[in-house]
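Trainee: Would you mind keeping the following structure in view while I ask a few things?
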Amino acid sequence: MSKKNSIKFSIIRGAAALGIGLLVAFLLIFFGSEGATLGEKFSSSLEAMREMLISPLFRKNGSFSLKNLSDVLAGMIPILFTGLATCIMFAANQFNLGAEGGIMLGAFVSSLVAIYVKLPGPLLIVAAVLLGALASALVMLIPAVLKARLGVSEMVNSLMLNYVIMYLVNYLMKAHLADTSKGITQTFPFQDNALIPQMIDNGSRLSWGFVVGIVMVILCWFFMYRTRWGYGIRMTGINQPFVMYSGMSVTVIIILCQVMGGFLAGMGGGIEILGRYNVYNWSALPGYGWTGITVAILAGNNPIFVPLAAFFMSYLTKGCMLMSTNADVPSQLISIIQAVIFIFFAAQQFLSGYRQKLVIRSAKEELAGNGAGEEVRK
Amino acid sequence: MSEEYAIQMKNITKIYPNGTIANQDVSLNVKKGEIHALMGENGAGKTTLMKMLFGLEQPTSGEILVNGERVHLSSPSAAIAKRIGMVHQHFMLVPSLTVAENMVLGMVPKKSGVFIDSKKSVELTEEYAKKYNLQVDANAKVMDIPVGMKQKVEILKALVRGARILILDEPTAVLTAQETEELFAQLKNLKEQGYSIIFISHKLKEIMEITDRMTILRGGRSMGIYETSEVTPQEISRLMVGRDVILKVEKEKAQPGSEVLKVRDLSYINEWGKKMLDHVSLSVRKGEILGIAGVEGNGQKELVDMLFGFSRPNSGIIEVNGESLIGLGQRQIRMKHVSLVPEDRMLYGIASSATIEENLISDRSGSPEFNKGFLFNMNAIHKKTEQLIRDFTVLCKNRSQQVGSLSGGNIQKVVVAREFSNDPVLIIADQPTRGIDVGATEFIRKKLVELSRSGIAVLLISADLNEVMELSDSLIIMCGGKIAAYFEDTEELTDELMGRYMLGIEQQDPEEIRRVCHE
């Protein structure tokens, strides 16, 4: 199939997935909505859908809402990082689910640096984020080395590691680090020069971390497609025996990709916590790691598509949030609606029949073209 | 009239989901009681055509008639119901079960409807074995029986399921000369009983010997149906590849130089305690091709595994230019300029969903030639790739095409392009032309000779007797993990003689064999 057809198919498929997802969402809202008559139900459902789809960008009166858009962009920051982390690990067929714990640990360690380490000016931010990233990278050595050396499943290991990190952080907070003068468990405030400056000061918490995230996307793409290590990671994901036979070290690659994943997740944690809050107060896993997995799958493990996928997820989250506050849709429905849209998007075989038709058509055109060519040559 | 034909496939076109046009307007008809050859290079569409006949694939357009009746073969079980049976190139048997158990798989006779009646399975197997004169050992485990017998089990399996039409996909690829002869006698027997047989093969000699008619495919199209008695091998090869293939490889006499590969008293016992290699010693010198012939499973695979660091010998010496390879990984072995064309090209040779370019640089991705600091030097990589594609005449759209979408012959050309171009001192070529088309085969063979004459040591392992005899300057035969014979010259060798050594009927004395060490 030609490149043009491939793109055409991708667009049609994406639109159809979204369409069906929204239709199912509409039906769910419709049956869940309150209203005396069917007509009332219908119009209130429409209103809810409008909230979900339009309001992340526009106000009720139709004017563009910068505030909502900046909320969406701010929501992208942590999942850009966890998405990249997961991309790199999944590209090598290493199903490490540790981005969730990684982002929490990164946030925690960065916070400690931001509170207790004395460094001048923005140097503190750099040190805090880097140390958070390093801590997370180091922890990721556990599933990585166990996998590379002993063949222990990195999936199970990293999944359990998330909870180890969570309880460890909670223990340290409660036992040693919490500011006991406050009603909830939180640390002492960060030093002023540890806070990442905001791009727009409208309460969206869209910090300059967003730009760092986009820069990391580009760096990761270069790493994956323009360096020997990224090449090794991708080849390992396609065919591990081939990589070994070719004389590359599978052990090194398996460890490298997971450590990098940990680093990126940890970095995301530091940037998120210093860009959005002025104390550390996460007591549960934040969920960004899970969303990062979704982002990586939507992006097809290619870093360059991560911003697009992250925007999509963040937009959907924001839309659903607005829908649940402004239109009377129960918040439990929100997750279902998100899931439905995602499933159709990620389904590999969805519309494969249509794809086959396109393929056949273009193959036949090719044949006709060749036939004509042969005629001419005769 | 249509009753005359067992199978008619009319105007079959098949387009795969990735856009590959495997068959285009192909027609095939097979008479009752004939052996019909299906010939063509790799990628000509033979296997696809047969998959459609066996219900594994559906045609995009066209129709299939069995005994004059139009059928829709949606699955292998539908094909079996129409009395079509297929013997795959790679046997579909469960190794840990007995022959009888394999025979009745999916149709197990039961006692009182619950318990497996193994006695009846054995009886059934023996009954069919006798009826068709295909002798098998019903109680032996499949993993313990020789390849030739496995094939008989496959044929019987199809017959037990009522097949009247048999598809044999390259049945002789794994057989010795003696086993092949035996198979042919059995096929002729089946034919006389009114069975129709479709015989897929690359080997002209066999086709001429056994088939009645043939259909030749080229590039997915049919080149017509011919009576075997009315065409010459030259005509067939011209129809298959569009030119006369010179299967003889011209080569001047070798001028062997110093010893490159030195193997002494190499022994290996596998994880189940079976002795796979028993004091194997050999030498390969600069500028010569040493061939290893033998029925598969007689230690060749283990020898290659050890030479390339995939497993460690229990005892013995492996040296390349005086440096030991034992205990080294593939990277270090490659650093000593050893190249391997692996037997299993899809598993080791390529990453099939990666591009041609990515496959060509896998062994040199870290070399200074292709890196500028942290980054790849894409220009250098593109240039080298383009050059390799040209030099090795890889047929492709461009360097970014997925390797997996190429035909078998072109995939192998990608593998050898990489392995031959990394400045080797020793090339280990393990079944370098297995299952690939005549054109690519010829190309690779010529390249091997050319490289050896330029001073590279070549160790060639092949189950294809013609290949080892044509290419090798000298030759050893392996049997039961030992070297059974060494021939300094391949000129006066015959299939007959080699077959006797391969099957362990004869063996040279140790003094004669020791000459391969050139000490």
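Every number in this text was worked out from the coordinates using simple rules, so none of it is lab data. Not measured: the values here are computed from a predicted model. Quick reminder, even Gly has a Cβ in these numbers, built from the backbone with ideal geometry, and neighbours come from all protein chains shown.
Trainee: Kyte-Doolittle cut-off 0.0, length cut-off 18 Å along the helix's own axis using Cα: show which whole DSSP H helices in chain A pass.
Mentor: Working: long enough: A:3-32 (43 Å, 1.37); A:38-53 (22 Å, -0.12); A:66-91 (35 Å, 1.48); A:99-116 (25 Å, 1.53); A:123-145 (32 Å, 2.71); A:154-172 (26 Å, 1.02); A:209-226 (24 Å, 2.04); A:250-276 (39 Å, 1.57); A:306-326 (29 Å, 0.92); A:331-346 (23 Å, 2.12); A:352-377 (37 Å, -0.80).
Sorted by number, the helices that extend far enough and score high enough are A:3-32, A:66-91, A:99-116, A:123-145, A:154-172, A:209-226, A:250-276, A:306-326, A:331-346.
Trainee: Continuing with this model, one more query. May I ask you to order A:179-186, B:216-223 by the average number of other C-beta atoms within 10 Å around their residues, highest value first?
Mentor: B:216-223, A:179-186
Trainee: Which whole number gives the average, over all residues in A:240-253, of C-beta atoms from other chains lying within 10 Å of the residue C-beta? List each step's numbers first, then the result.
Mentor: Numbers: counts 2, 8, 12, 5, 6, 14, 14, 15, 7, 3, 2, 1, 0, 0.
Average neighbour count from other chains, rounded to a whole number: 6.
Trainee: Once phi is turned into θ = phi - 60°, what whole-Hz ³J(HN,Hα) does the Karplus curve with 6.51, -1.76 and 1.60 give for every residue of segment B:363-375, x standing for Gly and Pro?
Mentor: Values, residue by residue: 8, 9, 5, x, 6, x, 4, 10, 10, 10, x, 6, 9 Hz.
Trainee: Explain nothing, just compute: Karplus ³J(HN,Hα) = 6.51 cos²θ - 1.76 cosθ + 1.60, θ = phi - 60°, for every residue of segment A:183-188 in order, whole Hz, x for Gly and Pro.
Mentor: x, 10, 6, 8, 7, 5
Trainee: At a Förster distance of 35 Å, what's the computed FRET efficiency of B:Asn11 paired with A:Ala15, Cβ-Cβ distance as r, to 0.05? Can you show the working numbers first?
Mentor: Working: r = 37 Å, r/R0 = 1.05.
With R0 = 35 Å, the Cβ-Cβ based efficiency is 0.45.
Trainee: Once you charge only the Cβ atoms, +1 for Lys and Arg and -1 for Asp and Glu, what is the size of the charge dipole of chain B about its Cα centre, to the nearest 20 debye? Kindly include the intermediate steps, with their values, before the conclusion.
Mentor: Values: 63 positive and 70 negative charges, 368 e Å.
Its charge dipole is roughly 1760 debye.
Trainee: Right, here's the next one. Please determine, in degrees from 0 to 90 and to the nearest 10, the orientation of helix B:147-160 with respect to the longest principal axis defined by the Cα atoms of chain B, where the helix direction is its Cα long axis.
Mentor: Its long axis makes an angle of about 20 degrees.
Trainee: Picking from B:Leu65, B:Ile116, B:Leu38, whose Cα lies most toward the positive end of the charge dipole for segment B:2-241 (charges on Cβ: Lys, Arg +1; Asp, Glu -1)?
Mentor: B:Ile116
Trainee: Using Cα pairs under 8 angstrom and six or more residues apart, how large is the relative contact order of chain B, in percent?
Mentor: Details: 1041 pairs, mean separation 77.1, N = 519.
About 15 percent, as a whole number.
Trainee: Sticking with this structure for a sec: Would you mind working out the magnitude of the charge dipole of segment A:75-313 relative to its Cα centre, with +1 at each Lys and Arg C-beta and -1 at each Asp and Glu C-beta, to the nearest 20 Debye?
Mentor: 320 debye
Trainee: Rounded to the nearest 500, what is chain A's calculated 222 nm mean residue ellipticity when only DSSP H runs of at least 4 contribute -39500 (n - 2.57) each, over all residues?
Mentor: Working: 14 runs with 268 residues, N = 378.
About -24000 deg cm²/dmol.
Trainee: Packing-wise, with mean Cβ within 10 Å as the measure, how do B:469-478, B:488-497 rank, highest first? Intermediate results must be reported in sequence, preceding the final value.
Mentor: Values: B:469-478: 23.5, B:488-497: 12.3.
Going by the mean number of other Cβ atoms within 10 Å, highest first, we get B:469-478, B:488-497.
Trainee: How much of the DSSP beta bridge set in chain B is antiparallel, as a percent to the nearest 5?
Mentor: On the way: 45 of 79 bridges.
Of all bridge pairs located within chain B, approximately 55 percent are antiparallel.
Trainee: Looking only at other chains, what is the average number of their beta-carbon atoms within 10 angstrom of each beta-carbon in A:223-236?
Mentor: Working: counts 2, 0, 2, 5, 6, 10, 3, 2, 9, 3, 0, 4, 7, 1.
Other-chain Cβ atoms within 10 Å of each residue's Cβ, averaged: 4.
Trainee: OK, next. Under a plain spin-label model, where a point goes 7 Å from the Cα along Cα-to-Cβ, how far apart in nm are A:Ser153 and A:Ser335?
Mentor: 2.3 nm
Trainee: Would you mind calculating the relative contact order of segment B:2-241 from Cα pairs under 8 angstrom and at least 6 residues apart, reporting the percent as a whole number?
Mentor: Values: 474 pairs, mean separation 66.5, N = 240.
Reported as a whole number, the value is 28 percent.
Trainee: Would you work out which of A:Phe342, A:Val250, A:Leu112 lies farthest towards the positive end of the dipole of chain A, given +1 charges on the beta-carbon of Lys and Arg and -1 on that of Asp and Glu, about the Cα centre?
Mentor: A:Val250
Trainee: Quick one: what Rg and Dmax do you get for chain A from the alpha carbons, in Å?
Mentor: Cα only, chain A: 23.7, 92 Å (Rg, Dmax).
Trainee: Just going by the charge dipole of segment B:343-422, with Lys and Arg at +1 and Asp and Glu at -1 on Cβ, which of B:Ser352, B:Phe420, B:Ile381 is farthest out on the positive end?
Mentor: B:Ile381
Trainee: Could you give the nm distance between label points at B:Arg390 and B:Ile317, where each point is 7 Å from its Cα heading toward the beta carbon?
Mentor: Here the modelled spin labels are 4.5 nm apart.
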